[in-house]
Amino acid sequence: MQDKIRELTNEIEGYQVSNNDELEAYRLKFISRKGVMGELFAGLKDVPNEDKKAMGQALNVLKNEAQDKFKELITSLEESTAGAKSHDHPDLTLPPVPDQLGTIHPLSKTQQRIIEIFEQIGFSVAEGPEIEDDFHNFSALNFPENHPAREMQDTFFIEKNPDMVLRTHTSSVQVRVMETTKPPLRKIMPGRVYRNEAISARAHCFFHQVEGIYIAENVSFVDLKQTLYHFAKEMFGQQSKVRFRPSYFPFTEVSAEMDVSCGLNEPGTCEICGGRKNVCKGTGWVEICGAGMIDPQVLENCGIDPEKYTGFAFGMGVERIAMLKYNIEDLRLFSENDIRFLRQFTPMG
Ligand code: PHE
């Protein structure tokens with residue numbers, strides 16, 4: 001037995017572990033009661049009586065050595081794995097990886113700017129559904145059924161329910177606001193709209209609008225013009241030129257359209273299409289906005305007393321404005337998700 005103890009003492013002294021499995025193997029062999037220690041203590045009963053005491057002591061010494069070594073092995077294993085982890089830490093002396101920040105879509109930026117300009121003069125945002133019923137998109141706005149004015153807007157109908165349409169303008173939200181809000185009220189309605197049009201550089205089957213209404217006592221066309229002038233100057237700069245042309249909308253009387261000069265300093269030389277004339281059709285002017293005094297019948301349709309209140313409404317195309325602002329010549333670029341196009345718009349600017 002003495003030889004065995006000596007042999008084991010040497011083995012324990014020289015024991016090394018490099019991972020948890022090896023540590024566990026050590027534990028099973030030297031610490032567990034089912035290992036060599038158990039066997040040796042069990043063998044004690046065969047030792048002659050006079051040697052028993054000394055042998056028992058020697059075994060206890062061995063047992064303590066085995067346990068001390070076990071603690072030592074645990075600590076050294078912990079240290080070596082912690083050391084390995086510290087190699088995984090990033091090397092702080094390396095040059096930084098460039099940021100992969102996304103950019104804000106030019107339409108979102110433009111829409112946000114439009115909202116900002118109107119918010120500064122007291123308008124607040126209202127939203128409504130993109131799938132709209134006939135009443136809010138048409139009837140309430142003086143487009144009676146079968147009226148040719150409905151053809152001004154090529155409508156997508158919902159097949160299963162012909163009373164529902166994809167809204168063709170956010171004027172539907174104007175109706176919803178007028179139904180539920182008492183004048184005086186000042187609201188803008190940003191949102192996506194749909195029209196069944198052939199896709200080209202100037203038209204798409206969906207686009208974005210910001211419409212607005214102001215209803216109070218004694219609102220006049222002068223208020224409308226000044227509001228839109230203010231908008232154009234804020235959006236395109238103090239030097240920008242605008243013009244109003246008479247127009248027709250079923251829900252406004254009188255009605256007008258507002259154009260902005262696309263060759264900002266010299267109407268007639270288009271900075272956007274560079275002579276290809278596909279945006280302004282060679283006129284130097286781009287229409288960005290329909291507007292007018294809200295027809296008294298529309299106020300009445302929405303529960304507002306036309307004897308007491310008057311109001312103006314306008315609706316502008318976000319795409320058109322973004323094209324003017326950023327010199328973009330083809331409307332399709334906005335929805336193609338070409339990363340080379342989108343990257344030109346910085347997150348901040
Ligand atoms: N809703 C009209 C359109 O989509 C724009 C408009 C709004 C015109 C308000 C006049 C008044 O074309």
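I'd like to know if the range 123-130 contains one or more residues that are under 21 Å from residue 198 (Cα atoms) and at pLDDT 90 or above.
Yes, the range 123-130 contains a residue that is under 21 Å from residue 198 (Cα atoms) and at pLDDT 90 or above.
Part of a loop (DSSP other than H, G, I, E, B), modelled with pLDDT of 80 or more, within 16 Å of the ligand (Cβ to nearest atom) and farther than 17 Å from residue 231 by Cβ: does that describe residue 304?
yes
Which count do you get for residues in the range 305-336 that are touching a Lys or Arg at 6+ places or on another chain (Cβ under 8 Å) and within 17 Å of residue 219 (Cβ to Cβ)?
Residues flagged as touching a Lys or Arg at 6+ places or on another chain (Cβ under 8 Å) and within 17 Å of residue 219 (Cβ to Cβ) within the range 305-336 amount to 0.
Does residue 222 satisfy the criteria of being within 16 Å of the ligand (Cβ to nearest atom) and of a type in the set (Val, Ile, Thr)? Break it down into steps so the answer makes sense when it comes.
On the way: within 16 Å of the ligand (Cβ to nearest atom): no; of a type in the set (Val, Ile, Thr): yes.
In short, no.
Could you tell me which residue of the range 150-164 is farthest from the ligand (Cβ to nearest atom), considering only residues that are exposed (fewer than 13 other Cβ atoms within 10 Å of the Cβ) and acidic (Asp, Glu)?
Per the stated criteria, the residue is 159.
Of the residues that make up the range 88-101, is at least one surrounded by fewer than 10 Cβ atoms within 10 Å (Cβ to Cβ) and either modelled with pLDDT of 90 or more or part of a helix (DSSP H, G or I) (or both)?
Checked against the condition, which is being surrounded by fewer than 10 Cβ atoms within 10 Å (Cβ to Cβ) and either modelled with pLDDT of 90 or more or part of a helix (DSSP H, G or I) (or both), the range 88-101 yields at least one hit.
Matching residues to (1) outside any helix (DSSP H, G or I); (2) of a type in the set (Asp, Glu); (3) touching an Asp or Glu at 6+ places or on another chain (Cβ under 9 Å); (4) free of Cβ contacts under 8 Å to residues at least 12 places away in the same chain:
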| site | (1), (2), (3), (4) |
| --- | --- |
| 21 | no, yes, no, yes |
| 53 | no, no, no, yes |
| 58 | no, no, no, no |
| 67 | no, no, no, no |
| 82 | no, no, no, yes |
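Tell me which residues, restricted to the range 126-149, are surrounded by fewer than 21 Cβ atoms within 10 Å (Cβ to Cβ) and outside any helix (DSSP H, G or I).
127, 128, 129, 130, 131, 133, 142, 144, 145, 146, 147
Is it the case that some residue within the range 279-301 is within 20 Å of residue 106 (Cα to Cα), surrounded by fewer than 18 Cβ atoms within 10 Å (Cβ to Cβ) and either at pLDDT below 90 or within 16 Å of the ligand (Cβ to nearest atom) (or both)?
So far as the range 279-301 goes, yes, one or more of its residues are within 20 Å of residue 106 (Cα to Cα), surrounded by fewer than 18 Cβ atoms within 10 Å (Cβ to Cβ) and either at pLDDT below 90 or within 16 Å of the ligand (Cβ to nearest atom) (or both).
For residues that are of a type outside the set (Asp, Glu) and in contact (Cβ under 8 Å) with a residue 60 or more places away in the chain, tally how many sit in the range 317-339.
Going through the range 317-339 one residue at a time, the tally reaches 12.
Cβ contacts < 8 Å: first residue among the acidic types (Asp, Glu), restricted to the range 204-230; second residue assigned to a helix (DSSP H, G or I) and within 16 Å of the ligand (Cβ to nearest atom), any location; separation 6+ or different chain. Result?
What qualifies is 211/171; 211/173; 211/174.
Under the condition of being within 15 Å of the ligand (Cβ to nearest atom) and aromatic (Phe, Trp, Tyr), which residue from the range 225-253 is farthest from residue 172 (Cα to Cα)?
Taking the candidates together, the pick is 244.
Can you tell me how many residues in the range 228-260 are among the hydroxyl-bearing types (Ser, Thr, Tyr), modelled with pLDDT of 95 or more and surrounded by fewer than 21 Cβ atoms within 10 Å (Cβ to Cβ)?
Adding up the residues that qualify gives 2.
Tell me, yes or no, whether the range 294-301 has at least one residue that is touching a helix residue (DSSP H, G or I) at 6+ places or on another chain (Cβ under 8 Å) and among the polar types (S, T, N, Q).
yes
Given the conditions (1) of a type outside the set (Ser, Thr, Tyr); (2) in a loop (DSSP other than H, G, I, E, B); (3) loosely packed, with under 12 Cβ neighbours inside 10 Å, report the number of the one that residue 104 does not fulfil.
The one condition residue 104 does not meet is (3).
Within the range 150-175, which residues are touching a helix residue (DSSP H, G or I) at 6+ places or on another chain (Cβ under 9 Å) and either in contact (Cβ under 8 Å) with a residue 60 or more places away in the chain or in a helix (DSSP H, G or I) (or both)?
Across the range 150-175, the qualifying residues are 169, 171, 172, 173, 174, 175.
The values are calculated or read from the model by the stated rules, or taken from the named source; none is laboratory data. Source: prediction; values computed, not measured. Ideal geometry is used to build each Cβ from the backbone, glycine not excepted, and the neighbour counts take in all protein chains shown.
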